[in-house]
Amino acid sequence: MRNKKSVIFRSVLVIALLVFLALNSRTPANQIRVDSLDALSSPLKLLDSAVSFVKGSMPFYSLREENRALRDRINLLNRKIETYKAIQDENDRLKDFLGFRKAAPYTTVPAQVIGRDPSNWSNSIIIDKGLKDFVAQNKAVISARGLVGRVVEVGKNSAKVLLVTDPNSRVGVIIQRNRQGGILIGRADGKCKMIYISLDSDVAPGDRVLTAGLGTVFPKDILVGEIISVDKEPGRLYKYAVIKTAEELMKLEEVLCLR
Amino acid sequence: MPKMSRTLLYTSIALFLAIHIVLINRIEICGAKPDILLSLVVFIGLFFGSGAGFEAGIAAGFGKDIFAFDYFGTNAFILGLVGIIVGAVNTKIFRESGLTRMLLVFFFCSFGMYSRVLLSRFVFRSGSPNFAEYTLFSVFPVSAYSSLAALPVFGYLIHVFGLKELPDIV
């Protein structure tokens, strides 16, 4: 009898959850999550610091840190070279056009990654900056190497960033060499896919992909990554390219949020 | 059926969730992370029955929902279902075998990931990924990795929950 009651109770709960999900899809119950995440952000930060401390006490840590700092410096310089190249290209193109308005420079807020998405079907990170630090929803997040993603949920002291490798992410991009445009979508294996590349366009592995600057979320000419293969899906009227992101998104520790 | 300690259950959920959020990305291979929370729910359902499996699934799922980018409640729903199903079949399978445990985790990990796609398509009515690509790049690697990781996870949980003395474990 008791067993029967508990089966009924469980079935009712499962159905209630399904109904909750269906309603949730119309009016997302995100506030519960944002508040819970905010409340948990301090212990999470503490936990992250503890992990960093343990990492710091491991052998050869100072050498590894120095190596990392030097690599970061190289990446920063490479990024600067990329920016200069992009500016040079832009300059050449703009000689023909008068009255072109250059994209406004942006200011950033540095943030630390304190957590990651525990599920396997989405790719997001949790950062330790929120509304208090002027981090806002739908603002781009970058790193020294390139584009990271965009802010999707903001609490007072924390925010959730949807990575460009998430299957729900969509970014307007162009190929640096020939200015061919397309849409960048995330793929579950940690890479991205650039779709809507016209069949007659000259695209090859090794080409660099930049943000197109269309819309209001992502500024123009931020490095996204490099094409590793180009292919065509049967029955489609466009090609697609698989892209390796410039930043190793799964090993991110610090990011910059655009304001 | 052995009696389950709720303190141990919730401590394990908190510990596994913390590992998922802070550490698991360090052992990621090709975008796949082992789903150790799912292994925990399968373990609880397998050894403590349907009710305990459901409770573990709901608690672990809501914990996951807080940190995930998804509709709130998705993980609770999927893990709750997994807990119920595993609990319902636990006496019909050879649970002391490592291979059975691996296959169970592989199956339920795939079940959870396909359920997510079905929810996307029919409940949330949002875009769902290309089926073949999703299977090849996401479902298969994650399920395989999770099933491999399930062996040490089950070993640890059997030790923590004091199940070594059970006749079928011995």
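The values are calculated or read from the model by the stated rules, or taken from the named source; none is laboratory data. Just so you know, these numbers come straight off a predicted model, no measurement behind them. Positions of Cβ are backbone-derived with ideal geometry, glycine not excepted, and every protein chain shown enters the neighbour counts. Ligands, DNA and RNA are excluded from the accessible area calculation, which covers all protein heavy atoms including side chains. Shrake-Rupley method; radii C 1.70, N 1.55, O 1.52, S 1.80 Å.
Across the stretch B:67-93, which residue is surrounded by the most Cβ atoms within 10 Å (Cβ to Cβ) among those that are part of a loop (DSSP other than H, G, I, E, B) and more than 7 Å from every other protein chain (Cβ to nearest Cβ)?
B:N90
Scan the stretch A:180-204 for residues that are of a type outside the set (S, T, Y) and farther than 28 Å from A:N120 by Cβ and report the count.
Adding up the residues that qualify gives 8.
Suppose we filter B:L46, B:L17 for residues that are within 9 Å of chain A (Cβ to nearest Cβ), under 15 Å from the mean Cα position of the chain (by Cα) and closer than 22 Å to B:R101 by Cα; which single one remains? Steps first, please.
Details: B:L46 fails: within 9 Å of chain A (Cβ to nearest Cβ).
Residue meeting the stated conditions: B:L17.
Got at least one residue in the stretch A:182-191 being outside any loop (DSSP other than H, G, I, E, B), more than 14 Å from chain B (Cβ to nearest Cβ), without any contact (Cβ under 8 Å) to a residue 40 or more places away in the chain and aliphatic (A, V, I, L, M)?
no
Kindly list the number of the only condition in (1) away from chain B (no Cβ under 14 Å); (2) in a strand (DSSP E or B) that fails for A:D231.
Result: A:D231 fails condition (1) only.
Return yes when B:A14 is part of a helix (DSSP H, G or I), at pLDDT 90 or above and more than 15 Å from B:L79 (Cα to Cα) and no when it is not.
yes
Report whether or not A:S169 is within 14 Å of another protein chain (Cβ to nearest Cβ), without any contact (Cβ under 8 Å) to a residue 60 or more places away in the chain, open to solvent by less than 40 Å² (accessible area, probe 1.4 Å) and touching a strand residue (DSSP E or B) at 6+ places or on another chain (Cβ under 8 Å).
yes
Check the stretch A:129-136 and report whether any residue there is among the charged types (D, E, K, R), under 21 Å from A:K45 (Cβ atoms), touching a strand residue (DSSP E or B) at 6+ places or on another chain (Cβ under 8 Å) and open to solvent by 20 Å² or more (accessible area, probe 1.4 Å).
Yes.
Does any residue of the stretch B:28-36 turn out to be among the small types (G, A, S), within 12 Å of chain A (Cβ to nearest Cβ) and within 14 Å of the chain's Cα centre (by Cα)? Quick ask: steps written out before the conclusion?
Taking the stretch B:28-36 and keeping what is among the small types (G, A, S), we get B:31-32.
Still in the running and within 12 Å of chain A (Cβ to nearest Cβ): B:31-32.
Subset that is within 14 Å of the chain's Cα centre (by Cα): none.
The answer is no; no qualifying residue exists.
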